[in-house]
Every structure is written in C-alpha cells, then in structure tokens.
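As structure tokens, the structure follows; a few thoughts come after it.
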C-alpha cells in the first residue's frame, strides 16, 4: 500500500507543478506596420495553458459534475469545452419556466466552480 501512495503522491506533485506558478503574456503582431507589442507577464490564477494537450482532459475532469447540477428535465451534452443543454417541454410557457429553473441551477454551479459564461456567446434554439 505504501508504494501506491508514493505513486499517487508523484502524480499529485506532477499535476500541481503543471497547474501552479504559471505565467502568461500576450504578443500582438501588426504585419502592416511590421511591429510587435508584448504585454507584461501575469501570473495565471486559474485554468490551464492554452493549446496544451492535457488541458481538455483536465477541463473534463473539472466539469464532470455539471450534469448533476442540472436536475430539472434537462440533458447536458458535453464535448471537450463545448456544452449543450437539451430541454423538452410540452408548450412554450412550460419551456420558459423550465429554462429559468435550469438557468438558475447552471448559474449556481458556475459560480461555485469559479467559472462564467457569456450570454453573447451562447445560442438558444426552440423547435416546435
């Protein structure tokens, strides 16, 4: 049993080193003026490196309990960092009521997990 604990300890240390003490900066290249602008280095408080191979897997692990947060007549569909919520209701009035309940549940889950979503980037479809 002690050997297994050491292995998990090594995995934990590896993940911690991947997630902690990370910094990022942004470089904008303007080819028209042949110039570059580079921001200051900023410490990353949350998240994983953009473009990493491990990032999508860690994100899925992070949001694995999202389907449990939506308990009201909804079916969450998760694929990498894209999530859809399927909802069926017998009429428009009920659909609106169900949607409001689900939206409250999602908002609570996002806040408790230090995540947010932009309504401008989300689409809502209603099919009759």
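Laboratory data are not the source of any read-out in this text; all were calculated from the coordinates shown. From a predicted model like this one, the values you see are computed outputs, not experimental measurements. Using ideal geometry, Cβ is built from the backbone for each residue, glycine included, and neighbour counts are taken over all protein chains shown.
Taking 22 Å as R0, compute the FRET efficiency from the Cβ-Cβ separation of residue 58 and residue 23 and round it to 0.05. Plugging the Cβ-Cβ distance into 1/(1 + (r/R0)^6) gives 0.75.
Peptide packing for 30-37, 99-106, 9-16, 83-90 was compared via the average number of neighbouring C-beta atoms within 10 Å per residue; ordered from the highest value, the list is 99-106, 83-90, 9-16, 30-37.
So if I take the alpha carbon set of the range 9-75, get Rg, then get Rh from the Kirkwood formula, what is the Rg over Rh ratio? Provide the component values of the computation, followed by the final result.
Details: Rg = 18.0 Å, Rh = 15.3 Å.
Rounded to two decimals, Rg/Rh equals 1.17.
Each 10 Å bin, from zero up to the one with the longest distance, holds this percent of the alpha carbon pairs of the range 45-112: 18, 44, 25, 10, 2.
Normalised radius of gyration for the range 1-115, please: alpha carbon Rg relative to 2.2 N^0.38 Å, two decimal places.
Normalised Rg, Cα atoms only: 1.54.
Percent relative contact order of the range 58-100, based on C-alpha pairs within less than 8 angstrom and at least six residues apart? After rounding, I find 28 percent.
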